[in-house]
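The values are calculated or read from the model by the stated rules, or taken from the named source; none is laboratory data. Predicted, not measured: the structure shown is a model, and the values here were computed from it. In this analysis, Cβ positions are derived from the backbone assuming ideal geometry, glycine residues included, and neighbour counts consider all displayed protein chains. Accessible surface is based on the protein model in full, side chains and every heavy atom, while ligands, DNA and RNA are left aside. Shrake-Rupley method; radii C 1.70, N 1.55, O 1.52, S 1.80 Å.
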Amino acid sequence: FSVGGTNDSNENGVTYAAFCWKAGNGTVENNDGTNISTVSVNQDAGFSIVKYTGTGAAMTIGHGLSVEPKLTIIKDRDAAVNWIVYTRVIDGSLDYLFLDTTAAAGNSGLTGPNSSIWNMQVASSYSNTSGRNYIAYCWTDIEGYSKFGTYKGNGNANGPFVYTGFKPAFTIC
């Protein structure tokens, strides 16, 4: 990919990180929900990219994973709003966080995803505003490949032990 002139991702002398994932080989239309979505899916990697348009009202969209996503990051492509993250790994309920703030997690109140659809039963300026275009990045656990969870810090120099079942090559905290 290329980055254009001076902007928020190309300031002189500033170091950046780019995280790039490839889902499937192309996209397909997904009709599993009440709204059509376009998905690129790699079920072996437990990852899908979902493109959809918000309705501002109750809707469901297919995500293509065939299992419930453990973590979903949604980006509004039409407005400068926070990237929202949804997950059940914190306390079992569907919680939300923001990638670009220090705000604590909160209970989303949404039903959220299941094995075939993402249920957004209300309007949201972060994930379901009428007429806005969104991209959702959905991940699930794949034994020996990826793991999503939580841990509590212990303040020790060597930190807590976090079991994943494999040796991670990449970790995001």
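Might you tell me the accessible area per residue for the chain, computed with a 1.4 Å probe and given in Å²?
Accessible surface, normalised per residue, equals 61 Å².
Please list 3J(HN,Hα) in residue order for the range 15-23, calculated via the Karplus relation 6.51 cos²θ - 1.76 cosθ + 1.60 where θ = phi - 60°; whole Hz, with x for glycine and proline.
Per residue, the Karplus-derived 3J(HN,Hα) values read 8, 10, 10, 10, 9, 10, 10, 10, 8 Hz.
Can you tell me how much longer the chain between CYS173 and VAL3 gets when fully stretched, taken as 0.36 nm per residue apart minus their C-alpha distance, in nm with one decimal?
Answer, rounded to one decimal: 58.6 nm.
What accessible area, in Å² to the nearest ten, does a 1.4 Å probe give for THR55?
50
Let me know the Rg and Dmax you get for the range 22-105 when you use only its Cα atoms, in Å.
Considering the range 22-105 through its Cα atoms, Rg and Dmax are 13.6, 36 Å.
Given springs between every Cα pair under 10 Å in a Gaussian network model of the chain, which of GLY56, GLY149, GLY26 has the largest fluctuation?
Result for the chain, Cα springs under 10 Å: GLY26 fluctuates most.
Distance between the C-alpha centers of the range 129-167 and the range 47-87? Whole Å please.
17
Over the range 47-87, with every protein chain in place, what whole percent of the accessible area is carbon and sulfur at 1.4 Å, could you tell me?
Ligands and nucleic acids excluded, carbon and sulfur reach 55 percent.
Percent of accessible area on the range 128-173 owned by carbon and sulfur, 1.4 Å probe?
The nonpolar share, carbon plus sulfur, comes to 52 percent.
Alpha carbons only, please: Rg and Dmax for the chain, in angstrom.
Just the Cα atoms of the chain yield Rg and Dmax of 17.1, 50 Å.
Any idea what the dipole of the range 68-173 comes to, in debye rounded to 20, about its Cα centre with Lys/Arg Cβ at +1 and Asp/Glu Cβ at -1?
140
Rounded if a/c is under 1.5, else prolate if a/b beats b/c, else oblate: with a ≥ b ≥ c from the C-alpha gyration tensor eigenvalues square-rooted, which is the range 127-169?
oblate
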